[in-house]
Amino acid sequence: MSQRLTLLGATGSIGRSTLDVVARHPELFSLFALTAHHSIDRLYQQCLAFRPQVAVVASAGEAAQLSRRLKARGCNTEVLYGPDALVAVAAASQCDTVVAAIVGGAGLPSTLAAAQSGKRVLLANKEALVMSGALFMRCVTRARAQLLPVDSEHNAIFQCLSNHPGVRPERLLLTASGGPFLNRSLDTLDSVTPDEACAHPKWRMGRKISVDCASMMNKGLEVIEAHWLFAMSPERIEVLIHPQSIVHSMVVYADQSVLAQLGNPDMRTPIAQALAYPQRIDSGVERLDLTQSEPLSFAQADLRRFPCLGLALDVARDGCELSVVLNAANEVAVAAFLAGVLAFTDIARIVGETLSQTRSVAIDNLEGIQQTDCLARIRARQLAGLPPLSE
Ligand code: NAD
Ligand code: MG
């Protein structure tokens, strides 16, 4: 029987790569729901190609428009809108698998709902796990959901660990490309443009995660993500700069065996691995020719160049209680940088100041997490000199 999918964030980079893999295997997958925020034209094309039962967009106006256009083409997809509809399609009994590929904290309620409903959850939306950590993992266990990491590093670790079920590794080695500013002179970082920050040397991704890669906040979020996914203390998770992005991460065992997963930097590999697990399917990714790749190199990350990584590591080592604040302040600062309102170097400053003005609180429910997230966003906006958000 084919897997029935809900794809949250269908129009984004991960969403499109997922549909590319799905389209190669029509006998294995069908679409129950596709969701987008404002990319209505792209969602319209996707609905015509994949004929989901339901589509979700941000507003009533966009829903009415999309529904009208689809009907005119003989497509009967039901179009819903708003955050509650995202939760509903993530929890719906008509789907078995939820691909969580919304960017940022906006994806938390729907991703959590998928876990609470015992779905097979393919997790790309790392911010959701960073924000809700213990709560999310508890929901997975209680509802017997199956959590499959799509983030390439975590997918690599998952694959390495699958060979030794029940054996705990000693350490995890998370690789990082170092992004576009790995070798840029430090005194020019305050004047880099959003387009320069998004010009990642190896991966094509959405703009928010591209900036996170340039600041290496992404790797900090990934340390926290790995901590929760693999129940590994942050002290045992090492970050290694690996500019070629061929080794996607590694696992070290007590005997000092180091296991790695390699591949071309194309998200369709981890997506296909997670979609088909425990089987293997064609992903459309070009085969890796190691005789043609640049020599593989590894180095330590310089925390003076990447202060955001240092901030995230501090949060991780302090027990992750401030993860929500870290993520919220970063989302505010990255959005302001992308809008041309803040300098790149302001991102670390805003995140650092927001963290230092917040007391640790252990939060264990969605409402508490959302409240802390909201307060941190207000504080970060004030620190950045941005006007308050109007409802
Ligand atoms: P993207 O910006 O390309 O796409 C984001 C998707 O989320 C779009 O479909 C958009 O319409 C939707 N969306 C945005 N805001 C929303 C909101 N408020 N409510 C509902 N939907 C909303 O992002 P991406 O690069 O595909 O990344 C998605 C997630 O996957 C992120 O959490 C990112 O960290 C993670 N991830 C991405 C990559 C990658 O290669 N792109 C790799 C690893 C992990
Ligand atoms: Mg990653």
Can you work out which of the residues in the stretch 200-253 that are more than 23 Å from P180 (Cα to Cα) and part of a loop (DSSP other than H, G, I, E, B) is most open to solvent (accessible area, probe 1.4 Å)?
-> A231
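With respect to L303, determine if the residue is open to solvent by less than 60 Å² (accessible area, probe 1.4 Å), touching a Leu at 6+ places or on another chain (Cβ under 8 Å) and either under 26 Å from W228 (Cβ atoms) or assigned by TED's automatic domain parsing to the domain that holds N218 (or both).
Details: open to solvent by less than 60 Å² (accessible area, probe 1.4 Å): no; touching a Leu at 6+ places or on another chain (Cβ under 8 Å): yes; either under 26 Å from W228 (Cβ atoms) or assigned by TED's automatic domain parsing to the domain that holds N218 (or both): yes.
In short, no.
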Without any contact (Cβ under 8 Å) to a residue 12 or more places away in the chain and either on the phi > 0 side of the Ramachandran plot or within 16 Å of ligand 2 (Cβ to nearest atom) (or both), is that true of G74?
-> yes
Taking the stretch 32-47, which residues are over 21 Å from the mean Cα position of the chain (by Cα), under 21 Å from A90 (Cα atoms) and either among the polar types (S, T, N, Q) or more than 14 Å from ligand 1 (Cβ to nearest atom) (or both)?
-> F32, Q46
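Tell me the strands (runs of 3 or more DSSP E) entirely within the stretch 78-184 that contain at least 3 residues that are of a type outside the set (V, I, T) and either within 16 Å of ligand 1 (Cβ to nearest atom) or open to solvent by less than 10 Å² (accessible area, probe 1.4 Å) (or both). Talk me through it step by step, then tell me what you get.
Working: elements: 78-81, 97-100, 120-123, 146-149, 171-176.
Answer list for the stretch 78-184: 146-149, 171-176.
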Selected residue (criterion: farthest from L189 (Cα to Cα)) from residues of the stretch 216-245 that are away from ligand 2 (no atom under 14 Å from the Cβ) and among the polar types (S, T, N, Q) = S233
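Is it true that A328 is in the same structural domain as D190 (by TED's automatic domain parsing) and part of a helix (DSSP H, G or I)? Working first, answer last.
Numbers: in the same structural domain as D190 (by TED's automatic domain parsing): no; part of a helix (DSSP H, G or I): yes.
So A328 does not fit the description; no.
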Looking only at the stretch 261-283, decide whether some residue is open to solvent by 20 Å² or more (accessible area, probe 1.4 Å), in contact with a Cys (Cβ under 7 Å, 6 or more places away or on another chain) and closer than 21 Å to L148 by Cα.
-> yes
Inspect all residues belonging to the stretch 313-329 and state whether any of them is surrounded by 13 or more Cβ atoms within 10 Å (Cβ to Cβ) and farther than 19 Å from E127 by Cα.
-> no
Which pairs have Cβ atoms under 6 Å, sit 6 or more apart or on different chains, and link a residue in the stretch 313-339 that is of a type in the set (D, E) to one that is open to solvent by less than 20 Å² (accessible area, probe 1.4 Å)?
-> E331/G104
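Is there a residue in the stretch 36-51 that is on the phi < 0 side of the Ramachandran plot, assigned to a helix (DSSP H, G or I) and within 16 Å of ligand 2 (Cβ to nearest atom)? Please lay out each step first, then the result.
Here is the first cut: in the stretch 36-51, the residues on the phi < 0 side of the Ramachandran plot are 36-50.
Okay, now just the ones that are also assigned to a helix (DSSP H, G or I), so 40-50.
Imposing the further condition that a residue be within 16 Å of ligand 2 (Cβ to nearest atom) reduces the set to none.
No, the stretch 36-51 has no match at all.
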From the set of residues in the stretch 144-194 that are basic (K, R) and outside the structural domain of V121 (by TED's automatic domain parsing), which is farthest from ligand 2 (Cβ to nearest atom)?
-> R168
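Determine, yes or no, whether L70 is over 21 Å from S110 (Cα atoms) and either acidic (D, E) or assigned by TED's automatic domain parsing to the domain that holds A106 (or both). Outline the logic, then answer.
Numbers: over 21 Å from S110 (Cα atoms): yes; either acidic (D, E) or assigned by TED's automatic domain parsing to the domain that holds A106 (or both): yes.
Yes; evaluated as a whole, the condition is true for this residue.
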When K202 is evaluated against the numbered criteria (1) modelled with pLDDT of 95 or more; (2) within 16 Å of ligand 2 (Cβ to nearest atom), which criterion, by number, is the only one it fails?
-> (1)
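Quick one: in the stretch 350-373, which of the residues that are outside any loop (DSSP other than H, G, I, E, B) and free of Cβ contacts under 8 Å to residues at least 24 places away in the same chain is least open to solvent (accessible area, probe 1.4 Å)?
G368
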Just need a number here: residues in the stretch 1-24 that are away from ligand 2 (no atom under 16 Å from the Cβ) and open to solvent by 20 Å² or more (accessible area, probe 1.4 Å).
-> 8
Of the residues S233, S283, S249, S257, which single one is polar (S, T, N, Q) and within 30 Å of T358 (Cα to Cα)?
-> S233
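The values are calculated or read from the model by the stated rules, or taken from the named source; none is laboratory data. Source: prediction; values computed, not measured. All Cβ positions, glycine included, derive from the backbone under ideal geometry; neighbour counts span all protein chains shown. Surface areas here come from the heavy atoms of the whole protein model, side chains and all, with no ligands, DNA or RNA. Shrake-Rupley method; radii C 1.70, N 1.55, O 1.52, S 1.80 Å.
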